[in-house]
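The values are calculated or read from the model by the stated rules, or taken from the named source; none is laboratory data. Keep in mind that what you see is a predicted model, and the values were worked out from it rather than measured. All Cβ positions, glycine included, derive from the backbone under ideal geometry; neighbour counts span all protein chains shown.
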C-alpha cells in the first residue's frame with residue numbers, strides 16, 4: 001500500500017481504474033442501488049403502516065417498539081454472519097440484514113410523527129364531517145410526512161453505507177472495491193468504491209432533506225431524523 005501519495009493523485013488513479021473497469025463498476029453500482037432499494041422498500045412498506053398503528057395502540061405498542069428499536073444495537077455485520085448458515089452466501093442474507101438496519105429509524109419517526117399531531121386539528125377535521133379515512137389521508141399524512149421522510153433519510157444513509165457488506169456474501173455492490181483494496185493493499189482500488197459511496201450518501205441526504213422541507217406545512221420546522 002503506497003503512502004504519502006497526494007489525495008488528488010489517488011482520486012485521479014481511481015478514476016482511471018474505474019474507466020478501465022467500467023463494465024464491472026456499472027454492475028457493482030447497479031447491484032448496490034438494487035440492494036439498497038430492496039431494503040428501503042421493504043422497510044417503508046412494513047414500518048410506515050406499523051408506525052401509524054403504534055401511534056394509536058397505546059401500551060399495546062410497547063413490545064413492538066422495543067423489539068424494532070432494539071435492532072439498532074445489533075451490528076449489521078454480526079447479523080449478516082448469523083444469517084449466512086440459514087440463507088447462505090446470497091443476496092437474501094444481505095437484503096435481510098440491511099432491512100433490519102433500516103426499520104428502526106423509519107418506525108420511530110413514523111410513530112412520533114403521528115403521535116404528536118395536534119388533537120385539536122384532528123377534532124376540527126372530524127367536526128367538518130371527514131371520515132376516518134379522509135382524516136388519515138387529507139390531514140394526518142400531510143402533517144406527518146416531513147418527519148416520516150426524515151426517518152427514511154436516516155435509514156437511507158445508514159443502508160447506503162452498510163450495503164458494502166454485500167461484498168462479504170458475494171452479492172456485489174461497491175463494497176467489492178473496498179474489500180479488494182484492503183486485500184491488495186491498494187488505496188486506488190479502495191477509492192473506486194469509497195468515493196462513489198460517499199457521493200451517493202451525500203446525494204441521498206440532500207435529496208431527502210429537500211423533500212422533507214418541501215412537504216413541510218407552513219409555519220412548521222422540519223424535524224430531524226433519529
Please give the helices (runs of 4 or more DSSP H) falling wholly within segment 13-87 in which 3 or more residues are surrounded by 11 or more Cβ atoms within 10 Å (Cβ to Cβ), in contact with a helix residue (DSSP H, G or I) (Cβ under 7 Å, 6 or more places away or on another chain) and at pLDDT 90 or above.
22-57
Can you say whether residue 176 is buried (at least 18 other Cβ atoms within 10 Å of the Cβ) and in a helix (DSSP H, G or I), as far as the supplied structure shows?
yes
If you take the residues of segment 186-206 that are modelled with pLDDT of 90 or more and either within 13 Å of the chain's Cα centre (by Cα) or not in a helix (DSSP H, G or I) (or both), which of them is farthest from residue 158 (Cα to Cα)?
203
Quick check: is even one residue across segment 109-118 touching a residue at least 12 places away in the same chain (Cβ under 8 Å), in contact with a helix residue (DSSP H, G or I) (Cβ under 8 Å, 6 or more places away or on another chain) and more than 20 Å from residue 58 (Cα to Cα)?
no
Enumerated helices (runs of 4 or more DSSP H) restricted to segment 88-168, each holding at least 3 residues that are within 14 Å of residue 51 (Cα to Cα):
91-115, 141-162
Is it the case that segment 199-217 has a residue that's out of contact with any helix residue (DSSP H, G or I) (no Cβ under 8 Å at 6 or more places or on another chain), free of Cβ contacts under 8 Å to residues at least 60 places away in the same chain and more than 30 Å from residue 11 (Cα to Cα)?
yes
